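Please treat every number below as a calculation from the coordinates, not as lab data. Computed from a predicted model, the values in this text were never measured in an experiment. Because the Cβ atoms are built from the backbone with ideal geometry, glycine has one as well, and the counts that use them run over all protein chains shown.
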Ligand code: SAH
Ligand code: F3S
C-alpha cells in the first residue's frame, strides 16, 4: 500500500478565498493528495491569504512563525502561501519569510501540481508563480465542497474587480473582472444540490457587473433561482452604482432568493465618496435604499463602512453617522482605514487622520450600528421566520442553528434530524448576535 501524501490548508479573508481553497483542494486531490486537518501530519502546508487590511497580513505572518517551528522539526515539509498576499508581495515574501518554499496568486492554482513536482525533484528550490490571467475562471475545476454544514455552499460567478476604489488592494491582487459561463454556474449548482446542499451563495466583488454574452446579473439570478424553488439563493456583494431595479424585481419574483442585500456604502460624505472613487453620491445611495425598500420590502440591508479615510473631517464623519441613521442598516462590517501600498489613495492622498481619531470614530460608528442592530432584532420578535437549519449550536446538541431569509442567525430547540430542512420558528428574544426562537412545526 502506498501512503498518500497529505496537505493541510488554512484560509483567511473573504468567502471567495473559501471557494478558492476548495478549488485548490480539488486540484491536489486529483493529483493524489489527501487532506489532513492536522498540520503536524502534513507533507504540505498551505495558507490562503487576504491582503485587504494590514492586520489580515499580520495574522498570516504570525501563523508562518508557527509553521517555521514545524519545519524545523520536519525539514521535508513544504510550506506554500496562496492568495492575495502572495499576489501583492511576490518574491519579497520569500525573502522575508524563509519558511516559505513557494508563493502563488489567485490565478495560478492549476499549476500547483507542477510547482510541487519541481520542488520535490529539486529542479527549483523556491518558486514564485503569481501571473494574473484575465481569462482564468477555473472552468473545468469543480470545487471540493466541504462546507462545514453541507447546507450552504459558495459559487464564484465573477473573479477580479475593475472598480479601482481608491483604498482597495483587490483589483491589484485579483486582477481584471471576468464572468463565468452561466451554463457552468448552473451545472455547478446542480452538482451541489446532488450532494445535498440546500443553499447557494453567488460570489463576486461586484455581482452587479456580472455579464456573459447577453446574460446580465438579473438574468443569471432569475436562471439560478429557477433551478429549484426549494433551494435558497444568496448573493454577495452588490455595488451601489450598479445595483439595478431589474435585480430587485427578480428578487421580488422569487421567494427562494434570500431577502438580504449587502451594499457597502463606505462613507456618508460626498466629498469622501469622491476621493474614494466610488462613483456614487450619498443621494444616489439613499435612492437605491429606497428602491430596495419599495420593491423588496422585507429585505435586510447590510453595509461596509470605513472610518478615518484620507482627509476625513469631523463633518464627513457626522455625515456617515447621519446616513446610518437614515438607512438603519440591519448589520454592518466596520473598519478603520488601513493604507494599502500602491493603491490610488496610497499614491495620491495623505493618510492623515490620527490613529486615535480613527479609533474613536470607528467606535462611534460601531456603537450607533449596535443600536440599529438591536432595533432590527427587536422588530423580529413575535414574528414567525422560515429558517433553513444548518447545524447544532455549539452550546448544546439539543439546540439547532439556522438562518432566516434575511440572513440572521436563529437558535431554537429541536431535533438534529431537522438539519438541512426549512422550519417555521417564532422568535421570542435575542442576544447581540442571534435571535432566539421556538419551533412552530
Ligand atoms: N467588493 C466589495 C469590497 C471588498 S473588500 C465592495 O464592493 O465594496 C471588503 C471591505 O473591506 C470593503 O467593503 C471595505 O469596507 C473594506 N476595505 C477595503 N479596503 C480597505 C482598506 N484599505 N482599509 C480599510 N477597510 C478596507
Ligand atoms: Fe475593492 Fe471597490 Fe472592487 S472596494 S473589490 S475595488 S468594488
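Summary table below
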quantity	calculated
Antiparallel DSSP beta bridges within the stretch 137-239, percent to nearest 5	30
Kirkwood Rh in Å, taken over all unlike Cα pairs in the stretch 203-324	15.3
Whole-Å distance, taken between Cα centres, linking the stretch 420-435 and the stretch 315-347	30
Antiparallel content of DSSP bridges confined to the chain, in %, to 5	35
Ranked 109, 212, 428, criterion: other C-beta atoms within 10 Å, fewest first	428, 212, 109
Globularity index of the chain, i.e. its alpha-carbon radius of gyration over 2.2 N^0.38 Å	1.01
Spread of Cα-to-Cα distances over 10 Å intervals beginning at zero, given as percent, for the stretch 6-129	14, 51, 34, 2
Ranked 310, 161, criterion: other C-beta atoms within 10 Å, fewest first	310, 161
Euclidean distance between Cα centres, the stretch 165-220 to the stretch 252-303, Å	19
log₁₀ of I(q)/I(0) at q = 0.14, 0.15, 0.17 Å⁻¹ - the stretch 152-378, Debye sum with one point per alpha carbon	-0.92, -1.03, -1.24
Among 77, 170, 265, residue whose mean-square fluctuation peaks in a GNM of the chain (springs only between Cα atoms under 10 Å)	77
Ranked 118, 255, criterion: other C-beta atoms within 10 Å, fewest first	255, 118
Kirkwood Rh, angstrom, the stretch 192-263 [1 / mean 1/r, Cα pairs]	12.4
Residues residue 121 and residue 394, FRET efficiency given R0 of 56 Å [Cβ-Cβ distance, rounded to 0.05]	0.80
Mean residue ellipticity (222 nm) of the chain, computed from DSSP H runs ≥ 4 via -39,500 (n - 2.57), nearest 500	-11000 deg cm²/dmol
GNM top mover of 92, 241, 328 - the chain, alpha-carbon springs below 10 Å	92
Inter-label distance, nm, simple model (7 Å from Cα along the C-beta direction), residue 428/residue 139	5.5
